[in-house]
Ligand SMILES: [Mn+2]
């Protein structure tokens, strides 16, 4: 039986280079699903320091490069986030993917927009260095999660700030979609996967790949779905002998493997 093919799969906020980045799981999602279009909706990188990328992070980038080979006829789109800012040239060179500030497409007679979402977060735009520190601190605190009570309380307070940001981004995005006559708008940035409907307009947030909840979005003729990635490693161990569900891509002969390249190691700040 042919696997189901989605029109579009969207994920965001992988923060490659951060220790909390769940690159291995994100690569599995790409391998386990079929899709005609992939949208990387911003903040795929934590920053421009390539020296912080681990083997799993490079594997994710290598898989993106494979998917973007024109022979596969998959449209791979990179939408710039606030952490990805300035990566446009490097990325199109490294993984052969076009980078957009805002990506628009039509599907099933509906107008779709994908935009990272920091544009609707006044704090981020007006105070970029401070917010970058804030995000790093948030990611660092998550690593220490549950090790001490004061830190848990601090994370809760930060999460509350994040929730306020979440509603700010959703209302800004809905307004943006209305002005552009779009039916559906997709954002990342807040790390909180949600769906908000307002007067027939739909806002979806893809969530992220650094928190405990790992989410992605699919679009097909049945509609839009938010999926949560569940680690199936334990199930697989329990039912040994099951065939691998991965649809591993066949390598094309003229396709160079992406490796940890010293040139890119030096590219970091
Ligand atoms: Mn962001």
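Just so you know, all these numbers are worked out from the coordinates, no wet-lab data involved. All figures in this text were calculated on a predicted structure; none of them were measured in a lab. We place every Cβ from the backbone using ideal geometry, glycine too, and count neighbours over all the protein chains shown.
General observations
- With Rh defined as the Kirkwood radius, the inverse of the mean 1/r over Cα pairs, the Rg/Rh of region 22-66 is 0.96.
- Nearest-0.05 FRET efficiency for residue 167 and residue 36, computed from C-beta distance (R0 41 Å): 0.80
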